Amino acid sequence: MAAQARSIPRLSPHTVANCLHAAVAAPSVHNTQPWLFRVRGRQVEVWVDRDRQLPALDPSGRQMFISVGAAIFNLRIAMCVNGRIPVLRLLPDATRPELAALVQAGPLTAPGPAATVLAAAIARRHTNRRPYRAEAVPWPVLDELSGAAAAEGARLTVAEPIPRDAILALTRTADEILRQDAGYLTELAAWTGGDPGRQDGIPAYAYPPDDAAGRLPLRRFGPAREAARFERRPTIVRLTTRGDAPYDWLRAGQALQRVLLTATVRQLAASPVNQALEVPELRALVGGGHGHAQMILRIGYGDPVPATPRRTVSEILHPDTASAESGAA
């Protein structure tokens, strides 16, 4: 067994670059990109970057871990299409809770069609906060999205009309509560707009317009914008997990990204509608008996939107990367 392990090749610099480029394309709360990576031989360490946590919006770090989980999924898929079987360990060291995962490059493999299709969708997946067309999402596609979440240990359910309207009402209430919190508003301002050359945060071009009918409670990132007509009956889905700890949040992030990439393959757009999950008193009401709600998504058919910026690979390497590489086996 040891001889077999020694025969598995290290990751080439080209493969490492491809995998990290894919990982950083993952979505994250307010595009904070709260991740760091360190490569040791055949293994990629994925760390949460506490300096990028949102203390007002996300004091527990739940959304931060979900964001890192999405990056882990991209890393796994990229490693697979680069010809290696990814071996994943979540939270491998209880003494280092910021070490979110170890993703080891296992034996050589020929990537399957599913991984190839999902990997190709990574660069096309962009959060779309603009109006969607009235066209309904077919139930077979919704079932496929549910299957994508189940493959990563989570559950995705479609909100029927009455629960959907209840979720949107809770979201509207949560939005009003959040906008009365000075800490939240200060934090929001720090991660939106600003220098057009910055490589993180949400640029003004990604803000949603106001809903002319006032039905859809989208998060307002800056000054009021020109109103637009949104879909009257938005498709709302809930992503839930049985547990509600960092391990579950990382699983939820991987499920979220598999769902989003599957949606991209099916020409669907998606955007989070998470305000109700950010007010503890309201979050428990959103799960609908399906577990702990981790994400609320609005999905539908929309026109393409530009990508939000990402930091370069050199900016997301763990500070100890140089020493790790020099001592790696």
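No lab work stands behind these numbers, since they all come straight from the coordinates. This is a predicted model, so every value here is computed, not measured. Neighbour counts run over all protein chains shown; Cβ positions are idealised from the backbone, glycine included.
Remarks
- Region 139-300: proportion of alpha-carbon pairs further apart than 21 angstrom, %: 50 percent
- Rounded to the nearest angstrom and listed largest first, the equivalent-ellipsoid semi-axes of region 145-241 from its Cα gyration tensor are 27, 19, 15.
- As a proxy for reagent exposure, ranking 19, 80 by other Cβ atoms within 10 Å from fewest up yields 80, 19.
- Least to most buried among 36, 99 (fewest other Cβ within 10 Å first): 99, 36
- At least 20 Å along the helix axis (C-alpha) and Kyte average at least 0.0, DSSP helices within the chain: 62-81, 161-178, 246-265
- Think of the chain as having a plus end and a minus end, set by charges on the Cβ of Lys, Arg, Asp and Glu; of 147, 80, 103, 80 sits farthest toward the positive end of this dipole.
- Basic side chains Lys and Arg get +1 at the Cβ, acidic Asp and Glu get -1 at the Cβ, and with that the dipole of region 36-191 about its Cα centre reaches some 580 debye.
- In range of the label at residue 133: residues from region 140-167 whose backbone nitrogen is under 13 Å from the point 7 Å along Cα→Cβ: none
- Mean shadow area of the chain over all directions, Cα convex hull, nm²: 16.9 nm²
- Of the trypsin sites (Lys or Arg not before Pro) in region 149-236, the ones in a loop by DSSP (not H, G, I, E or B) with at most 12 other beta carbons within 10 Å are 229, 232.
- Net length gained if the chain between residue 182 and residue 165 were fully extended (0.36 nm per residue, minus Cα distance): 3.3 nm
- Share of pairwise Cα separations in region 35-148, more than 24 Å, in percent: 41 percent
- Shown for 271, 60: other C-beta atoms within 10 Å of each C-beta, ranked fewest to most, produce the order 60, 271.
- In units of the rule-of-thumb radius 2.2 N^0.38 Å, region 32-98 shows an alpha carbon radius of gyration of 1.18.
- Region 257-313 and region 89-145 have Cα centres lying 13 Å from one another.
- Look at the Cα gyration tensor of region 185-273: its axes a ≥ b ≥ c give a/c of at least 1.5 with a/b at or below b/c, and that counts as oblate.
- Helix-only mean residue ellipticity at 222 nm for the chain, each DSSP H run of n ≥ 4 adding -39500 (n - 2.57), per residue, nearest 500: -11000 deg cm²/dmol
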